[in-house]
Amino acid sequence: AQSVAQPEDQVNVAEGNPLTVKCTYSVSGNPYLFWYVQYPNRGLQFLLKYITGDNLVKGSYGFEAEFNKSQTSFHLKKPSALVSDSALYFCAVRDYNDYKLSFGAGTTVTVRA
Amino acid sequence: EAQVTQNPRYLITVTGKKLTVTCSQNMNHEYMSWYRQDPGLGLRQIYYSMNVEVTDKGDVPEGYKVSRKEKRNFPLILESPSPNQTSLYFCASSLKGGNNQPQHFGDGTRLSIL
């Protein structure tokens with residue numbers, strides 16, 4: 001069985017400060033990892049994904065994520081947060097040989113001006 | 001514009017009254033999926049479809065049916081809705097090319113079952 005854990009329900013940062021949203025995963029095989037963002041009353045939007053190769057993945061809106069196989073983590077980062085980054089963030093995982101997709105519970109990010 | 005369209009966006013109904021939530025995509029995607037979103041639980045996959053006439057259960061399929069008669073449409077059917085199916089529902093689609101493709105999501109359907 002595959003699963004995702006996002007240990008923080010909420011993350012609060014000041015504008016201009018670094019932002020980190022944590023994610024750990026569990027799969028039986030090799031993972032395909034994704035980050036999505038959800039704004040109020042909207043569907044999820046894709047930010048970035050890790051499939052293979054470089055452990056540091058760059059995505060949309062200045063976000064990046066680092067894949068760490070030994071720690072089974074895929075934390076989302078942004079060097080300098082904006083107020084407009086305030087949203088709900090989801091980490092998701094697939095096993096490489098499966099089409100089911102498992103999501104974490106989500107982390108609400110609030111960036112204060 | 002490339003999009004996934006769900007209808008209705010909001011629905012309040014009563015226990016036992018059959019309902020269908022439609023989902024349509026205009027991107028010629030092979031893969032389509034339904035999720036429900038509940039506070040503290042994130043998104044949970046209900047059903048997914050690899051292509052026309054091919055569907056499979058996700059993690060929480062009980063009480064739901066789907067069909068995939070055409071590539072662009074993937075309706076979610078609640079034959080006898082119950083209050084525990086009150087939730088926010090999302091349809092998503094993606095290219096089939098491997099399971100490493102990101103999904104495109106609709107804007108959601110909020111169902112309230114009284």
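Summary of values
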| read-out | value |
| --- | --- |
| Residue (of B:Gln45, B:Gln85, B:Pro75) at the positive-pole extreme of region B:41-114, dipole from beta-carbon charges | B:Pro75 |
| Cβ neighbours within 10 Å from other chains - mean over A:95-106 | 6 |
| Net charge of Cβ neighbours under 15 Å - reference B:Gly63; Lys, Arg +1; Asp, Glu -1 | +2 |
| Distance between region A:87-106 and region A:1-44 - C-alpha centres, whole angstrom | 9 |
| Length-normalised contact order of chain A in % [C-alpha pairs under 8 Å, at least 6 apart] | 38 |
| Estimated distance in nm for a label pair at B:Arg110 and A:Glu8, the labels positioned 7 Å out from Cα along Cα-to-Cβ | 2.8 |
| Relative contact order of chain B, defined on C-alpha pairs under 8 angstrom at six or more residues apart (%) | 36 |
| Anchor A:Lys100: aspartates and glutamates whose Cα lies under 20 Å away (excluding residues fewer than 8 positions away in-chain) | B:Glu30, B:Asp38, B:Glu53, B:Asp56, B:Asp59, B:Glu62 |
| Alpha-carbon centroids, region B:2-51 and region B:65-82: separation in whole Å | 8 |
| Contact order relative to length of region A:35-100, as percent, for alpha carbon pairs under 8 angstrom and 6 or more apart | 31 |
| Local electrostatic count at B:Tyr10 - Lys and Arg +1, Asp and Glu -1, tallied over other residues with Cβ under 12 Å | +1 |
| Choice from A:Val37, A:Val83, A:Val21 showing the highest fluctuation, given a GNM over chain A with Cα pairs closer than 10 Å | A:Val83 |
| Charge tally in the Cβ shell below 11 Å around B:Met27, where Lys, Arg are +1 and Asp, Glu are -1, B:Met27 excluded | 0 |
| 5 angstrom amide H check on B:Arg110, placed H, neighbours 5+ away | B:Tyr10, B:Leu11, B:Tyr89 |
| Within a Gaussian network of chain B (alpha carbon springs, distance under 10 Å), most fluctuating of B:Pro83, B:Pro102, B:Pro61 | B:Pro102 |
| Above-threshold pairs, the threshold being 29 Å between Cα atoms, out of A:Lys78/B:Lys65; A:Lys78/B:Lys71; B:Lys65/B:Lys96; B:Lys18/B:Lys69; B:Lys17/B:Lys69 | A:Lys78/B:Lys65; A:Lys78/B:Lys71 |
| Pair B:Thr86, A:Lys69: separation of 7 Å Cα→Cβ label points (nm) | 4.7 |
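Read the figures in this text as sums done on the coordinates, not as results from a lab. Remember, predicted model here, so these are calculated numbers, not experimental data. In this analysis, Cβ positions are derived from the backbone assuming ideal geometry, glycine residues included, and neighbour counts consider all displayed protein chains.
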